[in-house]
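Trainee: I have a structure here, written as structure tokens, and I will follow up with some questions on it.
Only the coordinates and a few stated rules stand behind these numbers; no lab work does. These numbers were taken from a predicted model, which means no experiment stands behind them. Positions of Cβ are backbone-derived with ideal geometry, glycine not excepted, and every protein chain shown enters the neighbour counts.
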Amino acid sequence: MHELVYANKTPMSYRKEFGQFFTPKNVARLMFKWIVSSNPKTILDPAFGLGIFFDVFQDTLKSNTYDTKYIGYEIDQNIISYLENNRPSNLKLHVRDYLEEKKKKYDAIICNPPYMRFQNFLKRHDVLPIIEKNLGIALNGYSNMASIFLIKSLKELNEGGKLAYIMPFEFFNTGYGKGVKKELLKNSLLKQIIFFENEKDIFSDATTTVCVLLCKNDSIKNTVKISRIESLKQLEGISHFEEYFQHQLQPEDLPYTKKWSPIISSLYQTIEIPTGLVKISEIGKFVRGIATGANKFFALTEEKAESLSINRNNLVKCITKSPQIKKAIFTDDDYMALLKSGSPVLCLNVKAHNDKNIKQYLKYGEAQGFSVRYLTKKRSPWYKLESRLPAPILAGVFNRGRLKVIRNFTDSINFTCFHSFYPGLFGQTYINRLFVYLISDIGQKIVMTNKRQYGGHLDKFEPGDLNACFCPSTEQFDMTSEKDAMHIIELAISDEEKAIQKANVLVQTMLNT
Ligand SMILES: C[S@@+](CC[C@H](N)C(=O)[O-])C[C@H]1O[C@@H](n2cnc3c(N)ncnc32)[C@H](O)[C@@H]1O
């Protein structure tokens, strides 16, 4: 309530100068629940303001008995004059600059820091070297005040201690934010990021998008929970922040050198599937590539095959590793270039079982134990290759960012590094148009909704995931011609980016039926 009185009596320009924006009580309560659960003996509130966090602390004292000291810092004497004079004995309020204070240790820290740019803050030049000396790290003068507050507080957390901080969401994406993110990831401090979708609804005061960070100094490497809160109503239904989250990221998925907002936003991206689309399984089928059970034995370079005198009847052209194909279109020339550069793109496919050179190589394989591997021992004979035809479209199994889609114009088969697409009866006519759809941005977005996420931004697809993806129906494909698709494929040989742009236009025509 006293916030309203203060806000009414204080010009906005003054509040801005000190970064005086107040935490809504329901957010303060949830932040407080996080820090108090480890029974802190000391709680630090580095930007006290009108003391909303202290009010919550006092409220909870009514039902709990803590022997806890509450330490607050507030730089502005004026705002302090709005507080009641007879302060409780468990509160120690320092009317001083928190950043200039020597580093101390606390069991819990709770804060809504000022957000303004550090360079706009009074006494910047005097203060920065003092803070740097205190913290033992070099700081970026362009930092946001909030980031410097957070770095200091992270260093002041006792072992086992908990911290809850409100931060402007954009610091995740700035240059100076890198240093802060690095500190957050150090010793696995960061446990949860809660961001507010319609922050005006919750933080009516804030001029920027804000999030809450929850940290614990326990050195336990867990996943980082990600929560999105869309409305006040949703917030009211939450009893503990840590129980409310939609995603969990491995710390490696949040590299401090990368912008975090796109990483987090991408978790919530939903895409409206245009009408009329059908499952890829109606056009054809993705199946996994050949599993040999012993790629080292089966995949041969031209040189090795020659040195073993294995003739070409017993070899098939084969893509054996994903990096062998770098471009979206794979032609005979590309295959020959790989072969001549010494890539293992020949696969043993024994036809002449009695050939003496073959027998010798098989004997070598048996001596090396390749015949009793998990897959080979179940086959008869153990070196029998799974039967697969060359597939006209290949899709990457593991992908980063975009799904790797290849139009294969060669008669090479492929190992499990790619899934192979075989058109069905109705799909035969649409191979090129399906490929164009799959490389287009909209096709990629739709397909990506079926991905499985691995650590380090790695996405995996099983053949079933791809077969369940949506693609245009034959009627929609028919809105464009084979000639249009071939143009794009030819363009992709020399300029993939332009080809994707053209693919986007063509797919629009398919979908606007
Ligand atoms: C965003 S407000 C938060 C106030 C209150 N804790 C809340 O959550 O509603 C930040 C407060 O920090 C104070 N402040 C700004 N710079 C400070 C500094 N260097 N040291 C201590 N307090 C500071 C401001 O005057 C302001 O009251």
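Trainee: How large is the translational diffusion coefficient of region 292-385 in µm² per second when you combine the Kirkwood radius over alpha carbon pairs with Stokes-Einstein at 20 °C and 1.002 mPa s?
Mentor: 154 µm²/s
Trainee: OK, next. Of the DSSP beta bridges with both residues in the chain, give the percent that are antiparallel, rounding to the nearest 5.
Mentor: 60 percent
Trainee: Something else: Report, to the nearest 10°, how far helix 124-135 tilts away from the longest principal axis of the Cα atoms in the chain, using its own Cα long axis and a range of 0 to 90°.
Mentor: 70 degrees
Trainee: Next up: Normalised by the empirical 2.2 N^0.38 Å for globular proteins, what value does the Cα Rg of region 337-401 take?
Mentor: For region 337-401, the normalised Cα radius of gyration comes out at 1.43.
Trainee: Distance cut-off 29 Å, Cα to Cα: go down the list Lys221/Lys451; Lys104/Lys181; Lys33/Lys186; Lys327/Lys384; Lys200/Lys258; Lys317/Lys460 and report the pairs above it.
Mentor: Beyond 29 Å: Lys327/Lys384.
Trainee: Let me ask something else. What does the charge add up to near Phe418, with Lys and Arg as +1, Asp and Glu as -1, over the other residues with Cβ less than 10 Å from its Cβ?
Mentor: Charge balance near Phe418 sits at +3.
Trainee: Counting only helical runs of four or more DSSP H residues, what would the 222 nm mean residue ellipticity of the chain come to if each run contributes -39,500 (n - 2.57) and the total is spread over all its residues?
Mentor: Mean residue ellipticity, 222 nm, calculated: -9500 deg cm²/dmol.
Trainee: Right, here's the next one. If we sort 334-342, 504-512 on the protection proxy, mean other Cβ atoms within 10 Å, highest first, what's the order?
Mentor: 504-512, 334-342
Trainee: Given H placed on each backbone N at 1.01 Å, which residues far from Gln192 in sequence or on other chains put an amide H within less than 5 Å of it?
Mentor: Hits under the 5 Å cutoff: Leu214, Lys225.
Trainee: Stretched out fully, how many nm does the piece from Arg87 to Gln234 gain, at 0.36 nm a residue minus the Cα gap?
Mentor: Additional length available on full extension: 49.5 nm.
Trainee: Measure nothing but the geometry: give the 0 to 90° angle between the long axis through the Cα atoms of 356-367 and the longest principal axis through the Cα atoms of the chain, rounded to 10°.
Mentor: Tilt relative to the chain: about 30 degrees.
Trainee: If you don't mind, there's one more thing I want to ask. Enter the per residue convex hull volume of region 408-513, computed from alpha-carbon coordinates, in Å³ rounded to the nearest integer.
Mentor: Each residue corresponds to 124 Å³ of Cα convex hull volume.
Trainee: Let me ask something additional. Put +1 on the Cβ of every Lys and Arg and -1 on every Asp and Glu Cβ in the chain; which of His487, Ser231, Ser412 then has its Cα farthest towards the positive end of the dipole?
Mentor: Selected residue: Ser412.
Trainee: Order by neighbour count: Trp382, Trp34, fewest other Cβ atoms within 10 Å first, most last.
Mentor: Least crowded to most crowded, the residues run Trp382, Trp34.
Trainee: I've got another one for you. Name the residue farthest towards the positive end of the dipole of the chain from the options Thr209, Val397, Asn86, assuming +1 on Cβ of Lys and Arg, -1 on Cβ of Asp and Glu, about the Cα centre.
Mentor: So the residue we want is Val397.
Trainee: Would you mind ranking Glu159, Glu197 so that the residue whose beta carbon has the fewest other beta carbons within 10 Å leads the list?
Mentor: Sorted ascending by nearby Cβ count, the order is Glu159, Glu197.
Trainee: Now, a different point. Return Met167, Met479 ranked ascending by Cβ neighbour count within 10 Å, so the fewest neighbours appear first.
Mentor: Least crowded to most crowded, the residues run Met479, Met167.
Trainee: With +1 on each Lys and Arg Cβ and -1 on each Asp and Glu Cβ, how big is the dipole of the chain about its Cα centre, in debye rounded to the nearest 20?
Mentor: 1720 debye
Trainee: What Kirkwood Rh does the chain have if only Cα atoms enter the pairwise 1/r average? Answer in Å.
Mentor: 27.4 Å
Trainee: List the residues, sorted by chain then number, that are 5 or more residues from Ile290 or on another chain and whose placed amide H is less than 5 Å from its amide H.
Mentor: Correct list: Asn414, Phe415, Thr416.
Trainee: Something else: In the neighborhood of Tyr364, defined by Cβ-to-Cβ distances under 15 Å, what is the net charge if each Lys or Arg adds +1 and each Asp or Glu adds -1?
Mentor: +4
Trainee: So what's the angle, to the nearest 10 degrees on a 0 to 90 scale, between helix 496-511 and the longest Cα principal axis of the chain?
Mentor: Relative to the chain, helix 496-511 is tipped by roughly 90 degrees.
Trainee: Pull up all non-local amide H partners of Ile329: gap of 5 or more, or a different chain, and H-to-H distance under 5 Å with H placed in the peptide plane.
Mentor: Excluding prolines and chain starts, which carry no amide H, the hits are Arg407.
Trainee: Rounded to the nearest angstrom and ordered from largest down, what semi-axes does the equivalent ellipsoid of region 455-513 get from its C-alpha gyration tensor (root of 5λ)?
Mentor: 24, 18, 10
Trainee: Right, here's the next one. Return the distance in nm (one decimal) between the two label points of a simple spin-label model at Gln428 and Lys327, each offset 7 Å from Cα along Cα→Cβ.
Mentor: My value for the distance between the label points is 3.0 nm.
Trainee: Compute the signed sum of charges (Lys and Arg +1, Asp and Glu -1) over the other residues within less than 11 Å, Cβ to Cβ, of Leu375.
Mentor: Around Leu375, the charge tally is +4.
Trainee: Right, here's the next one. When the Karplus curve 6.51 cos²θ - 1.76 cosθ + 1.60 is applied with θ = phi - 60°, which whole-Hz ³J(HN,Hα) does each residue of region 424-441 get, with x for Gly and Pro?
Mentor: Using θ = phi - 60°, the values come out as x, 4, 7, x, 3, 6, 10, 3, 5, 6, 5, 4, 4, 4, 5, 8, 5, 5 Hz.
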